[in-house]
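Please read the structure below before turning to the comments.
The values are calculated or read from the model by the stated rules, or taken from the named source; none is laboratory data. Note that this is a predicted model, so its numbers are computed, not measured. Cβ placement follows ideal geometry from the backbone for every residue including glycine, while neighbour counts extend to all protein chains displayed. When the accessible area is computed, the model is the full protein with side chains, heavy atoms only, and any ligands, DNA or RNA have been set aside. Shrake-Rupley method; radii C 1.70, N 1.55, O 1.52, S 1.80 Å.
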Amino acid sequence: MKSWRGPPVPVAARPSVGSSGRTSSWRIQKPVVNLKRCTRCRMCWIFCPDVAISFTKRGPAINHDYCKGCGICANECPAKAITMEAL
Amino acid sequence: MREELVEEELFAPGHRACAGCGATLAVRLALKALGKNVIVANATGCVEVISTPYPETAWRVPWIHAAFENAAAVASGVEAALKSLGRRGVKVVAIAGDGGTADIGLQALSGAVERGHDFIYICYDNEAYMNTGIQRSSATPFGAWTTTTPVGRVKRGKDRPKKDVPAIIAAHGAPYVATASVAYPIDLIKKLRKAAATEGPTYIHIHCPCPPGWRFDSDKMIEVARLAVLSGAWILYEIKNGRLNVTIKPPKRRPVSDYLKMQGRFKHLTDAEIAEIQRTVDERCRHLGVG
Amino acid sequence: MKQALTGNEAAAIAAKLARVKVISAYPITPQTAVVERLAEFVANGELDAEFIKVESEHSALSACIGAAATGTRTFTATSSQGLMLMSEMLFVASGLRLPIVMANANRSLSAPLSIWCDQQDSMAVRDSGWVQLYCENNQEVLDSVLQAYRVAEELLLPVMVCFDGFILSHTAEPVDIPGQAEVDEFLPPYKLPNPLDPCRPVTMGPVGVPECYEEFRCMLQEATRASKEKLIEVGRAFWKHFRRRYGLIERYRSNDADVLLLTMGSLGSSAKDIVDSYRKRGEKVGLVRVRSFRPFPVKELIDALGSAKAVSVLEKDVSPGSAGALFLDTAAAFINVKRAPLMLDFICGLGGRDVSSLHIREAVRAATRAAEIGEVRKAVRWLGLREKLVGLRI
Amino acid sequence: MKLTPGAVITEPGSTTRYQTNGWRTFRPAVDSGKCTGCGLCWLYCPDAVISRGKPPGVDYRYCKGCGICANECPAKAITMVPEERG
C-alpha cells in the first residue's frame, strides 16, 4: 500500500515561460518592424501584454512563439515603425 | 425651531441601552426629524440588540435586521420593492454603528450609494465595537484605549487615525452628506430633514459618546459631545453635491485636552501625545476653514 | 410554445412568468446568462421589475430579504463561490421565513478554483433551511421555479432550484414555455402576512432570546417537513395546469429491480440509458432520482429502494472525512428498517469531470457483485479518478 | 404567547412592557420654581422619559438615572438625588 505522496498542499504551480502553452496560434495578424524607422524608444516593449518583445542592439525583436497579434505595439509606436500584417 | 419638533416618540422607552447612551438619543432624534413614514433597515450592533429583545421592540416604525454588514443592501431591497410597488412618500433609512459602517458594512454601503438608491444612511458613531464590549474599529480615534488597543509597555492605545467615512461617501458623488452630533439636536434634525428631502443616497454621520465605552459618567454624555465640537475634534459640516460648508463654527476653539481629559479612554496620554492630537485637529480645522 | 432553451434561459423565463417584482443578483459563471436575460427583459419592458445590480452575492440575498420583507416577489441566482459568500444570508432568509426563490447553477468549490459542474456548492448549504430541488433537464428547471414560488409563499420558506452548471445551464434543450395567463392562474399574486409597512409597523429579525430560539428553529423544521406534502400537492396542481408530473423523487423501471442506481440532477438522464440497455439484456436494473433533497424524501426512498438487493449512489459531491451527502442521508433513512438494501457510494463528476456510460456501468457491476456476495467491502469509491495522479491506491 | 413565524414582532413599541427603573441609583428631582420650561431635558433624554412642560414630567417607571437632564439644565432646576430603596 503506497503511502500518501500527493502533491504538496496548497496546490501551487511553479512559474515558467510558456507554462500554459505557446499562444502564437491565437493571432490572425503579426507585427512587422521596420528597423530603419524605429527610434529605439521601447514603447512597444513597455506596452506588450505578453512580454513577446525583447530588445537587442539592432532594436525590438518579436517572439513569435507567444505574440498573440493584439496590435498594441503597432498602434502605439510613435514612429509608425511597426505594421500589422496578415499571417 | 424647537416648537416644530414632533411630540411623538417613535423609539419607545424600556429599551435596554445603557443609561446615558448617545446612540439611542441619536436614533430618537433622527426618528423625530423623519416621522412615521419610514422603513428602517438596521445592522447588528448596540442599537439593534438593545431595542428588539423578542417579544418586545422599541421601534414604532417598520424595522428589519438581517445581519451586521448589510444594512445598506437590505435598504436597497426595501427601496426597490417600494419603487416596484409604486409606493411614494416612504423613506428608507439604513442605520448602523461605526463598525457596521466603516468596517464590515462599507462594501454594501458603497454599492448602495453607487447604485443611487433613494435612502438615508445613518451611522451612529460611538467610535468602537461597543456591543461586543469596546473593541477598536477604524472609527476609533487616534490614541484611544479600547480592549483591543490596550495601553501597554510597547503599544499605547489606537495607533491609526480615525477613518473619514463622510469623505469616502462624498467621493461617491452622493448628493447630500453631513456630520452631526447629539449635543446639537437642532443641527442634527435640520440635516436629517434635508436628507429626507433629497432624492437619492444621503449619508448622516452622527457623533454619539458612549459612557461605558469612553469611560466617563453618564450625566456628562452631552457635555463630552459638545466639547468634541467646541475643540474641533468633531466638526459639524454638510456636503451638498460636493460643496462642503461647516454648519457650526465654535467662536473660539477650546484646546483638545479639555475634551480628552473628560474621558478615561484618553487618561494615559502624555503631553507629547496630546500635542500630536492637537496638531492634527488644528490642521483639519484649517483645512475645513474652522477657526 | 416549445423553444430550445439553455437551463439559464429556462430559469430567467420562469422568473419572468412568475412576474417577479425585484431581482437582485450578481454575475458568476456558469449562472451569468440568467442575469443577462433578466436584464434584457427589464430593459425591453418585457418584465416590470426592479433589477438591483448588487456589488456582491452577499448583498444579492440581503437585498432580496429587504424586498421580500416589503411585500414583493423576489428572485436571485448564483453558483459556487457566490452561494458560499451569501451563505450567511441563506440562514437569515429561512430564519426570517421569507419566501425567496433562487436558481443555483451547480458549480464546484475552490480551492483549487473550478468553474465546472458538481454539486458541492448546494450540498455545502443543505442545512440552511432552504428547500432544495435538483433538476434533471431544462424543462424541469422552468417548471420547478414556478412551483417553487407556490411552495415558498404558502409555507413562508425560501426555495433553491439547482441545476447542473454547463451540462444544463449552457446546453439548449427543447422546453415548453407555458403562457402567461396559464401561469397567472397557477401562481396567485405575492402576499406576505406581516410586511414592512408604515401603516402597520412590525419588527423583523429581533434578538432570538434563549427563551424562544429553539422554538423558532423547531417551527422552521416543521415547515420544511410540511413542504414534502406541499411539493406533492403543488406537483399535482402543476399537472392539472400544464400536464407535466413532478414529485419528490422519480422512479424509472425500479419496481422490480434487484440493482438500483440512485442519483440527482442531469446524471439521471444518462443513467436511464444505461438502465434501458441492462433491461434489454434482461437484467433487472432500475433508477431512482431524488428531485427534492431538502426536504429529504425518507418514506419515498424506503418504498423505492427497500425491495432492491443493492443500491449504487452516484453523486457529484463529497463531505471530506465522511462520504457523499446523498449516500449519508439515504443510509440514515434505512437505519431503523429491518430489510435494507446494500449501499455503495460513488463520488464522481467533480469539477466538471464527465461521468461516462462506462463509469455508470462500473457502478451497476459493483452493486450486482455486492448483491451476489451479500456484502459491501468498500462503501465509498470514486468513478473516473485518475489514480496515477493521486499516487495512492483508492 | 404564540410565536409568529420568523419571529416577527407585530406590537410596535412593546419594550414599554419592561420597566427599567430598577437600573438607577440616582433619580432626577425637578424644582418647579427654577424651571423655565426650556425643554432641553426633554430633548436630551435618551430614554424619552421626560415630557415637555413647566415643570417637565418624569416617567420614573423608565428613568435609568443617567443624569444628563440634571447636567444640562441651564437653570439648574434638576438635581440627582439618591434613589431611596423601599
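So the values come out like this:
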item	result
Hits in the range C:326-357 (condition: out of contact with any Ser or Thr (no Cβ under 8 Å at 6 or more places or on another chain), surrounded by fewer than 16 Cβ atoms within 10 Å (Cβ to Cβ) and in a helix (DSSP H, G or I))	C:Ala332
Residues (of a type in the set (S, T, N, Q) and either out of contact with any helix residue (DSSP H, G or I) (no Cβ under 6 Å at 6 or more places or on another chain) or within 25 Å of B:Gly22 (Cβ to Cβ) (or both)) located in the range B:51-106	B:Ser51, B:Thr52, B:Thr57, B:Asn70, B:Ser84, B:Thr101
Scope the range B:169-185; condition open to solvent by 10 Å² or more (accessible area, probe 1.4 Å), touching a strand residue (DSSP E or B) at 6+ places or on another chain (Cβ under 9 Å) and farther than 14 Å from B:His117 by Cβ; matching residues	B:Ala170, B:Tyr184
Some residue of the range C:228-238 being of a type in the set (Gly, Ala, Ser), within 25 Å of the chain's Cα centre (by Cα) and modelled with pLDDT of 95 or more	yes
The range B:1-17, residues that are more than 8 Å from every other protein chain (Cβ to nearest Cβ) and assigned to a helix (DSSP H, G or I)	B:Glu3, B:Glu4
Unmet requirement for C:Leu389, which otherwise passes all of (1) under 19 Å from C:Ser114 (Cβ atoms); (2) open to solvent by 60 Å² or more (accessible area, probe 1.4 Å); (3) part of a loop (DSSP other than H, G, I, E, B)	(3)
All positions within the range B:186-204 that are closer than 15 Å to B:Val229 by Cβ and buried (at least 24 other Cβ atoms within 10 Å of the Cβ)	B:Leu188, B:Lys191
Residues (buried (at least 24 other Cβ atoms within 10 Å of the Cβ) and touching a Pro at 6+ places or on another chain (Cβ under 7 Å)) located in the range C:153-187	C:Leu157, C:Pro158, C:Gly165, C:Ser169
Residue satisfying all of: in the range C:217-247; out of contact with any Lys or Arg (no Cβ under 9 Å at 6 or more places or on another chain) and of a type in the set (A, V, I, L, M, F, W, C); most open to solvent (accessible area, probe 1.4 Å) among these	C:Cys218
Search result, residues across the range C:188-214 that are among the hydrophobic types (A, V, I, L, M, F, W, C) and buried (at least 20 other Cβ atoms within 10 Å of the Cβ)	C:Leu192, C:Leu196, C:Val202, C:Met204
Residues of the range B:135-153 satisfying the condition of being open to solvent by 20 Å² or more (accessible area, probe 1.4 Å) and β-branched (Val, Ile, Thr)	B:Thr147, B:Thr148, B:Val151
Number of the exception - C:Leu261 against (1) under 30 Å from C:Ala370 (Cα atoms); (2) free of Cβ contacts under 8 Å to residues at least 60 places away in the same chain	(2)
Condition met for B:Tyr203 (of a type in the set (Phe, Trp, Tyr), modelled with pLDDT of 95 or more and in contact with a Pro (Cβ under 9 Å, 6 or more places away or on another chain))	yes
Within the range C:125-136, tally of residues that are open to solvent by less than 10 Å² (accessible area, probe 1.4 Å), within 24 Å of C:Leu192 (Cβ to Cβ) and either in contact (Cβ under 8 Å) with a residue 60 or more places away in the chain or not in a loop (DSSP other than H, G, I, E, B) (or both)	4
From the options C:Gln147, C:Gln139, residue that is open to solvent by 10 Å² or more (accessible area, probe 1.4 Å), of a type outside the set (Asp, Glu), part of a helix (DSSP H, G or I) and at pLDDT 95 or above	C:Gln139
Listing of helices (runs of 4 or more DSSP H) fully contained in the range B:183-291 that carry 1 or more residues being free of Cβ contacts under 8 Å to residues at least 12 places away in the same chain	B:185-197, B:271-288
Residue within the range B:226-240 that is out of contact with any Gly (no Cβ under 7 Å at 6 or more places or on another chain), closer than 16 Å to B:Pro166 by Cβ and within 14 Å of chain D (Cβ to nearest Cβ) present	no
Strands (runs of 3 or more DSSP E) wholly inside the range B:18-121 containing at least 1 residues that are free of Cβ contacts under 8 Å to residues at least 40 places away in the same chain, open to solvent by 10 Å² or more (accessible area, probe 1.4 Å) and out of contact with any Leu (no Cβ under 9 Å at 6 or more places or on another chain)	B:63-65
Among the candidates C:Glu229, C:Glu211, residue that is free of Cβ contacts under 8 Å to residues at least 24 places away in the same chain, under 19 Å from C:Val131 (Cβ atoms), of a type in the set (D, E, K, R) and not assigned by TED's automatic domain parsing to the domain that holds C:Val288	C:Glu229
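Residue by residue, here is whether (1) among the small types (Gly, Ala, Ser); (2) on the phi > 0 side of the Ramachandran plot; (3) modelled with pLDDT of 95 or more holds:
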residue: C:Tyr278; (1), (2), (3): no, no, yes
residue: C:Lys284; (1), (2), (3): no, no, yes
residue: C:Pro297; (1), (2), (3): no, no, yes
residue: C:Ser307; (1), (2), (3): yes, no, yes
residue: C:Ala332; (1), (2), (3): yes, no, yes
residue: C:Ile335; (1), (2), (3): no, no, yes
residue: C:Leu342; (1), (2), (3): no, no, yes
residue: C:Gly352; (1), (2), (3): yes, yes, yes
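Here's the yes/no breakdown for (1) facing chain B (nearest Cβ under 7 Å); (2) open to solvent by 10 Å² or more (accessible area, probe 1.4 Å); (3) assigned to a loop (DSSP other than H, G, I, E, B); (4) charged (D, E, K, R):
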| site | (1), (2), (3), (4) |
| --- | --- |
| D:Leu3 | no, yes, yes, no |
| D:Thr15 | yes, no, no, no |
| D:Arg27 | no, yes, no, yes |
| D:Leu43 | yes, no, no, no |
| D:Tyr60 | no, yes, yes, no |
| D:Lys76 | no, yes, yes, yes |
